[in-house]
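Visitor: Before anything else, here's the structure in question.
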Amino acid sequence: MISLNSLVASKCEISTLAEVADPNPLIEADSLQEAQLLDSRVSQLTSTAALLFELRTSLQFDVGNAALLVVRGLSLFGWKSSAVQVPLAAMTVVSNVPYRAPGSFRAKFGFFPGAQLEVAGAQAEFYVLEVDGISDVPPDYSAMSQEHIAGELPAWSSMCHPLQASST
């Protein structure tokens, strides 16, 4: 077991995992449809961005309850969303488009409700994870307190088992 923070800080040895991520968002467009972006982190010190996804709502993934996309050698992190306040809700992926070239990775995401994210860097890793201590069903954002919702979601300090992984 490893914490999500540790995966971001020190790349997991992908070759030790049994399976390559299937589908693979590093090369397959729209493979994260209906997954939900829960949080993102950018470290200027290490030039790293990490995106934490909820997979229990995903259309494509049959295993895991969370995913982590880590971009290293970060050169771009651009977030754009409406200034209108909306009720508490996760950002649902409606599209994701990866672009790979030698020595670089770029991805564009479209979310509902109305947001876009573009991230680029030298390399990327994608992990499918089984996070311990959360239920099989995501929380109902409209019927619970923020504290209860947070307890039902993957977090950076969550302990997890990496099930699948891919890298550029």
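Visitor: Might you let me know whether the range 68-90 holds any residue that is touching a residue at least 24 places away in the same chain (Cβ under 8 Å), touching a helix residue (DSSP H, G or I) at 6+ places or on another chain (Cβ under 9 Å) and not in a strand (DSSP E or B)? First the steps, then the outcome.
Guide: The initial filter retains those residues of the range 68-90 that are touching a residue at least 24 places away in the same chain (Cβ under 8 Å), namely 68-82, 86-90.
Within this subset, residues satisfying the condition of being touching a helix residue (DSSP H, G or I) at 6+ places or on another chain (Cβ under 9 Å) are 68, 70, 88.
Within this subset, residues satisfying the condition of being not in a strand (DSSP E or B) are 88.
Among the residues of the range 68-90, at least one is touching a residue at least 24 places away in the same chain (Cβ under 8 Å), touching a helix residue (DSSP H, G or I) at 6+ places or on another chain (Cβ under 9 Å) and not in a strand (DSSP E or B), which makes the answer yes.
Residue-by-condition table, conditions (1) touching a His at 6+ places or on another chain (Cβ under 7 Å); (2) closer than 18 Å to Leu51 by Cα; (3) assigned to a loop (DSSP other than H, G, I, E, B):
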| site | (1), (2), (3) |
| --- | --- |
| Val94 | no, yes, no |
| Val97 | no, yes, no |
| Ala107 | no, yes, no |
| Phe126 | no, yes, no |
| Tyr141 | no, no, yes |
| Pro154 | no, yes, yes |
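Visitor: Anything in the range 101-127 that is buried (at least 19 other Cβ atoms within 10 Å of the Cβ) and of a type in the set (D, E, K, R)? List them, or say none.
Guide: Glu125, the sole residue that qualifies.
Visitor: Additional query: I'd like the full set of residues that are over 15 Å from Ser3 (Cα atoms), touching a helix residue (DSSP H, G or I) at 6+ places or on another chain (Cβ under 8 Å) and surrounded by 17 or more Cβ atoms within 10 Å (Cβ to Cβ), limited to the range 128-160. Lay out the reasoning, then the answer.
Guide: Taking the range 128-160 first, the residues over 15 Å from Ser3 (Cα atoms) are 135-152.
From what is left, the residues that are touching a helix residue (DSSP H, G or I) at 6+ places or on another chain (Cβ under 8 Å) are 139, 141.
Selection gives Pro139 alone.
Visitor: Does the range 19-38 contain any residue that is among the charged types (D, E, K, R), modelled with pLDDT under 95 and part of a strand (DSSP E or B)? It would help to see each step written out before you state the result.
Guide: If we filter the range 19-38 for residues that are among the charged types (D, E, K, R), which is where we start, we get 19, 22, 28, 30, 34.
With modelled with pLDDT under 95 added as a condition, the list becomes 19, 22.
Remaining after also requiring part of a strand (DSSP E or B): 19.
Scanning the range 19-38, I find at least one residue that is among the charged types (D, E, K, R), modelled with pLDDT under 95 and part of a strand (DSSP E or B), so the answer is yes.
Visitor: Follow-up. Which of the residues that make up the range 34-93 are of a type in the set (Val, Ile, Thr), out of contact with any Pro (no Cβ under 7 Å at 6 or more places or on another chain) and surrounded by 12 or more Cβ atoms within 10 Å (Cβ to Cβ)?
Guide: Filtering the range 34-93 for residues of a type in the set (Val, Ile, Thr) gives 42, 46, 48, 57, 63, 70-71, 84, 86, 92-93.
Filter again for out of contact with any Pro (no Cβ under 7 Å at 6 or more places or on another chain), leaving 42, 46, 48, 63, 70-71, 84, 92-93.
Across the range 34-93, the qualifying residues are Val42, Thr46, Thr48, Val63, Val70, Val71, Thr92, Val93.
The values are calculated or read from the model by the stated rules, or taken from the named source; none is laboratory data. Since this is a predicted model, take the numbers as computed values, not measurements. Here the Cβ is made from the backbone with ideal geometry for all residues, glycine too, and neighbour counts use every protein chain on show.
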